[in-house]
Protein chains: 2
Amino acid sequence: MTRVRQGGGRPRESRIDAAVLAAARELLAEVGYAGVTMDATAARAGTSKAAIYRRFRSKAELMFAAAVHRGEVTPPPDTGSLRGDLLALARTIRDAMSSPAAREVAPQVLTEIRRSPAVSDRLREVFVTSERSEIETVLDRAVGRGELMRRPDIATVHRILGGALFFGVFVVDEDVGERELHQLVAVLSAGVVAEVSPHLRAHSPDI
Amino acid sequence: MTRVRQGGGRPRESRIDAAVLAAARELLAEVGYAGVTMDATAARAGTSKAAIYRRFRSKAELMFAAAVHRGEVTPPPDTGSLRGDLLALARTIRDAMSSPAAREVAPQVLTEIRRSPAVSDRLREVFVTSERSEIETVLDRAVGRGELMRRPDIATVHRILGGALFFGVFVVDEDVGERELHQLVAVLSAGVVAEVSPHLRAHSPDI
């Protein structure tokens, strides 16, 4: 096994990964979510259905990975401030959600989450875990800079950042431009600073 | 026309409204979103399809009204603080989203928003307008109490509150209990206070 990996297993693996995701994206654009099959994706990617299922346990997982992110998100470069980092993150999330592929996939994946607890568990395990780890990095940087006295609840920040953008883009279906991103991040960053900083809370009115 | 209204038009109207919504809720529970038709809803409610379409322009609108809210939401009673009011609002929204009917309807309505700009426009006009007006009332109370120096951006507060709850309940599909509601409202209320209060911002670290 070690020998196979040393012999170039990882590049080959990542080539298959990339081919599968590219094939899924092409099919999504050509035939829409309902029309995509694992068979057609395997054929287009020049691999086997088994190879796809080793990577993605369901069509929903494959479609999410192809349209939104692969579950290995990279934190934004350090901008020097919590507010700057959250703004960079908000832009990345908004852009990812606004792509035609993500708009096609989001309502369908929500339907599959509703239908299958196993799919829901797996998507949470892969994608939500990765998103929250990215947020953790950004919050830890702010603690390191002394902007935050301690790390606020990661899930709350994830729900606010991801949720406000998901809601704006897919539910309210309105323009989420730079102005809206700045307003969101202004409230969120001020809120986490005040929430974890007794110094600031002491100055807060009676709320 | 005036005479008809004076002669009891409004009670009759609201009886039809209630019958249509009750019929839609029953059918939703019995046959699921895909199985509900305007014809079956009219028959069950003892009214005509035309009467339903005078109230709800699409099946998506009827289903949303039956499962979530009617587009005439009532602000929570004044709890005496912004944080208390936002918490009451968050509980109401979380409860409305967590019902079996809302869980059935949400992914489907998202699909219809994606399919039809006309449906999306109408849902925004009816439901989002009403939700934002409720938030406006809560924020104006806080301004009146002196908790906020001015009203923060309503759409931002709506996106954060509605979005974080929608995301937690339908997307991440995790338990959104009292602890999570308190954490959300702590960050949101501290955030809007800091955002619209130069006095507090002056004390804020360099963000």
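The values are calculated or read from the model by the stated rules, or taken from the named source; none is laboratory data. Just so you know, these numbers come straight off a predicted model, no measurement behind them. For neighbour counting, all protein chains shown are included, and Cβ atoms are generated from backbone atoms with ideal geometry for every residue, glycine included. Keep in mind that these areas ignore ligands, DNA and RNA; they rest on the heavy atoms of the full protein, side chains included. Shrake-Rupley method; radii C 1.70, N 1.55, O 1.52, S 1.80 Å.
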Between residue B:133 and residue A:103, how many nm apart are label points set 7 Å from Cα along the C-beta direction? 2.9
Could you work out how much longer the chain between residue B:18 and residue B:125 gets when fully extended? Use 0.36 nm per residue separation minus the Cα distance between them, nm to one decimal. 36.4 nm
Report, ordered by chain and residue number, the lysines lying within cross-link reach of residue A:49, taken as a straight Cα distance under 17 Å and ignoring same-chain residues fewer than 8 apart. A:59
Rounded to the nearest 10 Å², what accessible area does residue A:49 show when all protein chains are kept and the probe is 1.4 Å? 80
Sort shortest first the distances from residue B:80 to its counterpart in every other copy, using label points 7 Å along the Cα-to-beta-carbon line, and give them in nm. 4.6
How large is ³J(HN,Hα), in whole Hz, for each residue of the stretch B:30-43 in order, when computed from phi with the Karplus curve 6.51 cos²θ - 1.76 cosθ + 1.60 and θ = phi - 60°, using x for Gly and Pro? 7, 10, x, 3, 4, x, 6, 10, 5, 4, 5, 5, 4, 4
Expressed as a whole number, the average count of other chain Cβ atoms within 10 Å around the Cβ atoms of A:146-157 is 3
As a test question: what accessible area, to the nearest 10 Å², does residue A:58 have when a 1.4 Å probe is rolled over all protein chains in place? 20
FRET efficiency estimate (nearest 0.05) - Cβ-Cβ, residue A:79 to residue A:118, R0 41 angstrom: 0.60
Just to confirm the numbers: residue A:32, label point 7 angstrom along the Cα-Cβ line, distances to the other copies in nm, shortest first? 1.9
Using each residue's phi in the stretch B:161-170, evaluate 6.51 cos²θ - 1.76 cosθ + 1.60 at θ = phi - 60° and report the 3J(HN,Hα) Karplus result to the nearest Hz, with x for Gly and Pro. 5, x, x, 4, 6, 4, 5, x, 6, 9
Computed helical MRE - 222 nm, chain B, DSSP H runs ≥ 4 contributing -39500 (n - 2.57), nearest 500: -22500 deg cm²/dmol
Between residue B:174 and residue B:151, the two model label points (7 Å from Cα along the beta-carbon direction) sit apart by a distance in nm of 3.4
R0 = 45 Å: FRET efficiency of residue A:34 with residue B:50, Cβ-based, nearest 0.05? 0.90
Gained length - residue A:70 relative to residue A:182, 0.36 nm times residue gap less alpha-carbon distance: 37.7 nm
Note, ³J(HN,Hα) from phi for the stretch B:17-22, Karplus 6.51, -1.76, 1.60, rounded to Hz, x at Gly and Pro: 3, 5, 5, 5, 5, 5
Carbon and sulfur %, accessible surface of the protein assembly as shown computed with the full protein complex present, 1.4 Å: 52
Work the Kirkwood hydrodynamic radius out for the stretch B:88-169: mean of 1/r over every pair of different alpha-carbon atoms, inverted, in Å. 14.1
Once you order the gyration tensor axes a ≥ b ≥ c over the Cα atoms, which shape class does the stretch B:58-203 get: rounded for a/c under 1.5, otherwise prolate or oblate by comparing a/b with b/c? prolate
Heavy atoms of residue B:126: accessible area, 1.4 Å probe, square angstrom to 10: 30
Starting from a label point 7 Å past Cα on the Cβ side, list the distances from residue A:179 to the same position in the other copies, nm, shortest first. 4.0
About its Cα centre, the stretch B:58-203 carries a charge dipole, from +1 on Lys and Arg Cβ atoms and -1 on Asp and Glu Cβ atoms, whose size in debye to the nearest 20 is 240
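Rank these residues by their accessible area, most exposed first, probe 1.4 Å: B:57, A:83.
The ranking, largest first, comes out as B:57, A:83.
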